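The values are calculated or read from the model by the stated rules, or taken from the named source; none is laboratory data. Given the structure is predicted, the values throughout are model-derived calculations rather than measurements. Note that we place each Cβ from the backbone using ideal geometry, even for glycine, and neighbour counts take in every protein chain shown. Heavy atoms of the whole protein, side chains included, go into the accessibility calculation; ligands, DNA and RNA do not. Shrake-Rupley method; radii C 1.70, N 1.55, O 1.52, S 1.80 Å.
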Amino acid sequence: MAPRWAPPAGLVLLMLLLTPAAVRGDKPLRGGPSGAGAEPEASSAIFPLYGDVYPHGLYYVAMNIGNPPRPYFLDVDTGSDLTWLQCDAPCISCNKVPHPLYRPTKSKLVPCVDQLCASLHCGLTGRHKCDSPHQQCDYEIRYADQGSSIGVLVNDSFAMRLANSSVVRPSLAFGCGYDQHVGSSSEVAPTDGVLGLGSGSISLLSQLSQHGITKNVVGHCLSLRGGGFLFFGDDLVPYSRATWTPMARSAFRNYYSPGSASLYFGGRSLGVRPMEVVFDSGSSFTYFAAQPYQALVTALKSELSKTLKEVSDPSLPLCWKGKKPFKSVLDVKKEFKSLVLSFANGKKALMEIPPENYLIVTKYGNACLGILNGSEVGLKDLNILGDVTMQDQMVIYDNERGQIGWIRAPCDRIPNDNTIHGFEEGYCWPHFPGIIGLPNEDCPAYYPSNKA
């Protein structure tokens, strides 16, 4: 559902390099020849994530784009297909962003007759028409939070290091946005654009799969403490241990949906009709339609401890204070019960949502409900599981098998404790370190030693 830009923060590109032996997990073995002349096997790419649900309101990744490659920060959004950067084409309306605006050349323009342009237009409007074979591929994309971007589709290289130790620079199509209406134009946005990871053929994930670089699988692990990791490909997927449910065709664009779910609170049904649920990493908070939202709020208030008092807080609509200010969700979680979503599509496919996955502790020391009434922001019957609910869970969108999986995980630990490497020489650690709490030091002071 991105964009949702907030105060400035940033990092230059860092990438996780996994040793081949460390990434096999419990994935199914692939057959086929492995000798000389064999078709290269798809690998995986793993990226550190930065940001948090509160106070920054987003998780983002650093990607290297262009030739020579330059770093850009992208808001990770599984709720949309198109990846785009704010760019100087020239710019009509652009926000202040962490890096110099991307500047396309005429040779990078994708023509309107290209199949990817047709896919983009059909996904956005259901219509595709070209007046000339030389016409460029223009687009306008609108988001649920009323943000929008107008731009032109371009091709350029994305540099990434894979788990098999190879470095690839595929030419991928993305949006060059020259007219944006998102966030505040007076503040520096924390990102340069959006990383669209939906299931449409224009998404970066689908294009990587078409190139044979990674499988059409994406996953993320958002840490409750901030940060986390994102991966393309299936090397890290815990197939035998995760909870799985088939992907359902959503009535709402190319959202990833596990289908309808029944809602329980404290072990009892809330008595609402099954909810159509979608996963959206581009939404900071979770949104329920009016009926389940009201049922949840009623249940919460009826079970509320007398030590908690409802209080007004500018951060969120429904908040409580205790006898003394809360420092973290851990201080208040014992006062609340877990939610459970029971999905009809999967056998015993349950998702537990403990209090730390639906509460936010604000800077005022109050505990606030991180589940909002979607009908008040135009979402109608759509129920969105946003970042707050997906924290400390590895969530996997497996387009190869048409399934969505999740498993509780310590998302602040990069998989297998491997060393994090800077992608290119000369890229250093943060210009805006506050979002992750690390000192602004030179690269050697940050990179962990390989010594025992």
*Provide the gained length on full extension for the span GLU400 to TYR239, in nm with one decimal, where the gain is 0.36 nm per separating residue minus the Cα-Cα distance.*
56.7 nm
*With a 1.4 Å probe and every protein chain left in place, work out the accessible area per residue of the range 274-408 in Å², rounded to a whole number.*
43
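Taking a ≥ b ≥ c as the square roots of the Cα gyration tensor eigenvalues, with a/c under 1.5 meaning rounded and otherwise prolate when a/b beats b/c, else oblate, which class fits the range 249-327?
Oblate is the answer for the range 249-327, as a/c is 1.5 or above yet b/c matches or exceeds a/b.
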*Please state, to two decimals, what the Cα-based radius of gyration of the range 50-179 comes to when divided by 2.2 N^0.38 Å (N = residues).*
1.10
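Under the 0.36 nm per residue contour assumption, what length would be gained going from the current alpha-carbon distance of CYS122 and SER148 to full extension? Present the calculation step by step, with values, prior to reporting the outcome.
Working: separation 26, 0.36 × 26 = 9.36 nm, distance 1.74 nm.
Length gained, CYS122 through SER148: 7.6 nm.
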*asked:* Show me the three semi-axes of the equivalent ellipsoid for the range 173-317, from the C-alpha gyration tensor (sqrt of 5 times each eigenvalue), largest first, rounded to whole Å.
replied: 33, 24, 16
_Where labels lie 7 Å past Cα in the beta-carbon direction, separation of GLN135 and ALA344 in nm_ = 4.2
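Let me make sure I get this right: for the range 187-259, a, b and c are the square roots of the gyration tensor eigenvalues over alpha carbons, sorted descending. Under 1.5 in a/c it's rounded, otherwise prolate if a/b > b/c, else oblate. Which is it?
rounded
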_Under 5 Å between amide hydrogens, which residues at least 5 positions from TYR54 or on another chain qualify, with H placed 1.01 Å from N in the peptide plane?_
none
*Nitroxide proxy distance, nm - points 7 Å out along Cα→Cβ at SER328 and ARG225*: 0.7
